[in-house]
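The values are calculated or read from the model by the stated rules, or taken from the named source; none is laboratory data. Just so it is clear, the structure is predicted and the values come from calculations on it, not from any experiment. Note that we place each Cβ from the backbone using ideal geometry, even for glycine, and neighbour counts take in every protein chain shown. The protein model used for the area step is the full one, side chains on, heavy atoms only, and it has no ligands, DNA or RNA in it. Shrake-Rupley method; radii C 1.70, N 1.55, O 1.52, S 1.80 Å.
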Amino acid sequence: MFGLGAATRIYLAAGATDMRKGFNGLYGLVQDRLQCDPMSAHVFLFANAQRNRLKLLFWDGTGLWVCAKRIEKAAFIGPKPMLGKPGWC
């Protein structure tokens, strides 16, 4: 399991993310869209357009974790992207 501390932030990518992306693709999104270090020990969440699939990217100190969740009968409700923002909440 993840050891999340009090200083750990959770970032949610607003809008849709291509769920075919793996380690390198999600790593690039964190660097390019958020301009943050993916190895910062913060948690980065991504959702597809239907909001029924989530992916999580997390650095645990020894390597990157990519976890996926598929919601079968509902959808994740999250914030909408704000105009002028880089696509993160």
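Full extension from residue 76 to residue 50: what is 0.36 nm times the residue separation minus their Cα-Cα distance, to one decimal in nm? Working shown, then result.
Details: separation 26, 0.36 × 26 = 9.36 nm, distance 0.85 nm.
Stretched out fully, the residue 76 to residue 50 stretch lengthens by 8.5 nm.
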Residue 24 neighbourhood, Cβ < 14 Å, K/R = +1, D/E = -1, net charge +1
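In Å², and per residue, what accessible area does segment 1-66 have when probed at 1.4 Å with the other protein chains present?
Numbers: 3800 Å² over 66 residues.
Spelled out: the 1.4 Å probe surface of segment 1-66, per residue, equals 58 Å².
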